[in-house]
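> Quick one: the structure is below, questions incoming.
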Amino acid sequence: MATSKPKAPKDSKPSKPSSSKKSNASNLGAPAQRSQASRKGKRAWRKNVDLDEVEEGLEDIRAEERTLGKAVQKHKNEELFFVDTAGNEQTRQTLPRYSKDQLTSTKILAQRSAVPAVFSRPSSAAPKRKSLVSHAEKERLLRIGKRPRRGPMNTVMDPTEIGAGSALLEVTEAVKQSGTYDAWAECPEPEVPMGLEPFQKLKIKPPPGPHPRNAIDAPAIAQPHQGASYNPLASAHQDLLIKAHEAEERRVAEAERLAAVKTKMEQARLNAQEYDQGGARGMTVDDPSNAPETESAEEEMSLPKKLPERKTKAQRNKAAKLLAEKRALSERAARKRLLASIDSAKSLKRSTEKRLSAQAQANVDKQRALREKLRQGLAGQKLGKHKVPTGEVDVQLGEDLSESLRALKPEGNLFRDRFVSMQQRALIEPRAPVLPKKRRTKVIEYEKHAWKRFE
């Protein structure tokens, strides 16, 4: 039996879902269950929270990364904007009717992500893993294991054959490392544990000025005096004798001066010892019986000097008034001299300029003279702690001269001359000879008891 459906009234319209009711499915495809009305527990709150706005924002950021490589917020203004000052020259040109760039398929294929793809397999550019066993080590292990070795044309090599690697002895490490060791290379400093580091001397920096050897133009071997010949002229020989005499006089005078200074030091040391023992020198009481008879009785009975009396107030005021008048007169005289010097300012300026120019010229002449002296060497100058020696004057007396080379007697010392020459040319620093000193500490010898028994 057929049944008929009830007809809807004309006035009624199909009901539409209310816009206030949220959809169960997310726009982005994420699961969503927001139709549950009850939110009594934490699970319900976590399960029925609307995250569409957050998901849409994250998806927009992902799209920007795929298009531009990174988010728009991370780009600089210069990368996003530019100032167009020239304008577009192709504005009035019309585009062709058909272009492959306008096809939808071309636009879809052109959309490539700026983020590099992830490869599941290693690329060929990746470095190959180094073998743990080298080829030489592998051959050595094969020889030890007596396994057949394949040679050219796939032939089996006999391990007992001479020259086919039958010997198990390998070359030494010295042979392997031959040619890699440099005997003249600087050895690296060994590592010292903390707290046991040796004391390191400070490196002395050279002075910033030029070295004196650059200005010295003295020859390595100086030309000897004409009077030092084995058969010299009488005048040249006499001149050289006078120079040697003057040098000896200077040496004797210096020795006397040093002896006098030493005597004064010894006397001062004796006086200090006397002061420590019985008071200062000159503080002893003289015996009146030994006093000279020439002293008069008036000197013995001399009275002390009378002390000056204290000035009164009137005297002090008078002295202050006189002092003020003297100061006023001196100030007036100074002002008068100053006013008188104004007229002579031009002449004073000329005289000052002349004096300064003369002083500058004198300094220039002095520097030039020092440079000329330096060109001859550093003989006689003090450099550091010691003085550069001037060299000895080697001369023979008249009776010692020989008129032939066969009877010539050597004079001087070549080693000393070369050493002094190197000091004068600033090649080495001046030094003083260090003479050996006698041992001050006395050695005490002990005889053991076992050696005292002579049996």
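The values are calculated or read from the model by the stated rules, or taken from the named source; none is laboratory data. No experiment lies behind these values; they were computed from the predicted model shown. Cβ sites come from the backbone with ideal geometry, for glycine too, and all protein chains shown count toward neighbours.
> Hey, could you check the stretch 281-329 for residues that are among the β-branched types (Val, Ile, Thr) and at pLDDT below 90 and say which is nearest to ARG269 (Cα to Cα)?
Among those residues, the one meeting the criterion is THR284.
> Is it true that some residue in the stretch 145-159 is outside any loop (DSSP other than H, G, I, E, B) and at pLDDT 80 or above?
Scanning the stretch 145-159, I find no residue that is outside any loop (DSSP other than H, G, I, E, B) and at pLDDT 80 or above, so the answer is no.
> Return a yes/no flag: does the stretch 224-246 have any residue that is more than 49 Å from the chain's Cα centre (by Cα), more than 28 Å from ALA369 (Cα to Cα) and surrounded by fewer than 11 Cβ atoms within 10 Å (Cβ to Cβ).
yes
> Would you mind stating whether GLN423 is within 27 Å of ALA220 (Cα to Cα) and either out of contact with any Ser or Thr (no Cβ under 8 Å at 6 or more places or on another chain) or modelled with pLDDT of 85 or more (or both)?
yes
> Just one of the numbered conditions (1) more than 26 Å from ALA244 (Cβ to Cβ); (2) at pLDDT below 90 is not true of ASP365; which one?
The one condition ASP365 does not meet is (2).
> Another question, then. Looking at the structure I just gave you, is ALA236 assigned to a helix (DSSP H, G or I) and at pLDDT 85 or above?
Answer is yes for this residue.
> While we're looking at this one, here's another question. Do we find that ALA358 is over 34 Å from the mean Cα position of the chain (by Cα) and in a helix (DSSP H, G or I) in this structure?
Taking the combined requirement at face value, the residue satisfies it.
> Looking only at residues in the stretch 50-77 that are exposed (fewer than 12 other Cβ atoms within 10 Å of the Cβ) and outside any helix (DSSP H, G or I), which one is modelled with the lowest pLDDT?
Taking the candidates together, the pick is ASP50.
> Could you list, in sequence order, the residues of the stretch 421-441 that are of a type in the set (Gly, Ala, Ser), surrounded by 13 or more Cβ atoms within 10 Å (Cβ to Cβ) and on the phi < 0 side of the Ramachandran plot?
Listed by number, the list holds a single entry, SER421.
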